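Some notes on the structure that comes next.
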Amino acid sequence: MVSELPPARPGQGARSCERCSGLSGLRQEGIGQATLPSNGTEPTPEGPEPAEPPQPTQAGPTEAGPTPAEPTQAAPAKKRDAFFDNAKYLAILLVAVGHAWEPLREGSRTVTAFYTLVYAFHMPAFIVISGHFSRGFDGSPRRVKRLITGVAVPYVVFEVAYTLVTRWTDDAPDRDVSLLDPLYLTWFLAALFIWRLTAPVWRLVRRPLPLALAVAMLATLSPAIGKDLDLQRVLQFLPYFVLGLLLKPEHFRLVRRRAVRVAAVPVFAAALAVAYWAAPRGVYPWFFHNDSAVQLGAPSWYGPVMTLATFGCSLVLVACFLAWVPGRHTWFTALGAATLYGYLLHGFVKQAAGPAHWYDHPWIHQPLGALAVTLVAALTVTLLCTSPVRRVFRCVVEPRAEWAFRRGGEGGRATA
């Protein structure tokens, strides 16, 4: 989700992870479950519009769990789209691996190059998918309830949980619980909540994508935006969400053609070469999208220029990534419906790595050690997306909370 290094409350460990996650997903919103042709809900707590292509309903960096059961008289739920579930699983895998690489960057140009490449597209991919499945959000009571139970409630729960955990892992016993200052991975849930609420606006205005890009460019000129709700990142990532709102199923089919898959090979190779060249030059913080140009030590006018440059670069890499995502049902397709679990829970494992001194062993910083870290991170997030884990944590990741709402509307879990 949405870890992928913002300043502020979190200690160094939490801050670096924050950037990494900078996601993922989360439910049907982008990180959680994504049931394309399902009950018609988006990656978050919303469902597809009547005329829109099928949206994810279950859970799936953004909603992460199965969707609420339909009344017996309701029409059978449509089948989930394996392509989007596969894409979400592979993206959350990259989120976890990126976080695991953070302590290995220092002294390794190769790790930094791979880290930069991954951060250039993994969160944009999540956010584009989240936007695509948010097209049905219309502000109706049913959708708002799903937004609350599928995004807002998990945000509060995990914001408190990560604050308590990082008091120990960052040796910050006096760290306050602040729902206005997203800590670590929770920024994505706050962002998704805001993006979803604005979805009807972007469907209403003319030229929504240029307008969203203008907002992102202006944000890079404003260091005074501050850290409330991580608005700097919310605004700078906004164009990817708006782009997702505008995309239709046929657009995704275009990037899945064989010609695009073949072209993606040299494109990724060239991108990795550029990332290797840029590694010692400190370019990767621009892909975190959580600071203004001045805060990154650059002249103000760099901000708008880098916004356009990173947007173009990320879009090309997202298209190449999606071109490689299998469209058929695979062994990990079902896991893609629960990526919100993997996104929100793997951070606790990453936070424990510091006090446990897992990265203190010299061999970890050798090539074989980096490979081992990559495999462990991939295995960990995979296990966190499995059914047993979902059953245990469903009450906080996908709460139903019907008791909190008046009768007559549909609550339920959000999907991503």
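Here, each number is a calculation from the coordinates, and none is a lab measurement. Because the structure is predicted, anything quoted here is derived from the model rather than measured. Cβ atoms come from the backbone with ideal geometry, glycine included; neighbour counts cover every protein chain shown.
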### Summary
Charge tally for neighbours of ALA279 with beta carbon under 9 Å away, counting Lys, Arg as +1 and Asp, Glu as -1, is +3
## Note on the structure
The exposure ranking of LYS227, LYS79, fewest beta-carbon neighbours within 10 Å first, is LYS79, LYS227
#### Entry: Cβ-Cβ FRET estimate between TRP301 and TRP403, R0 fixed at 51 Å, reported to 0.05
0.45
### Message
I'd like the FRET efficiency for THR386 and LEU209, computed as 1/(1 + (r/R0)^6) with the beta carbon distance as r and R0 of 45 Å, rounded to 0.05.
### Response
0.75
## Note on the structure
A chain fully extended from LEU254 to VAL201 at 0.36 nm per residue, minus the present Cα-Cα distance, gains in nm 16.4 nm
### Summary
Compactness check, the range 124-278: C-alpha Rg relative to the 2.2 N^0.38 Å globular estimate gives 1.24
## Note on the structure
Going through LYS88/LYS227; LYS227/LYS248; LYS88/LYS350 one by one, the pairs whose alpha carbons sit over 31 Å apart turn out to be LYS227/LYS248
## Note on the structure
Assertion target for HIS357, HIS346, HIS365, HIS251, ordered by fewest C-beta neighbours within 10 angstrom first, is HIS357, HIS251, HIS365, HIS346
### Task
With a/c under 1.5 counting as rounded, go ahead and sort the range 119-208 into rounded, prolate or oblate using the C-alpha gyration tensor (a ≥ b ≥ c being the square roots of the eigenvalues; past the cut-off, prolate if a/b is larger than b/c, else oblate).
prolate
### Query
So if R0 is 22 Å, what FRET efficiency would HIS357 and ARG109 give, r being the distance between their Cβ atoms, rounded to the nearest 0.05?
0.35
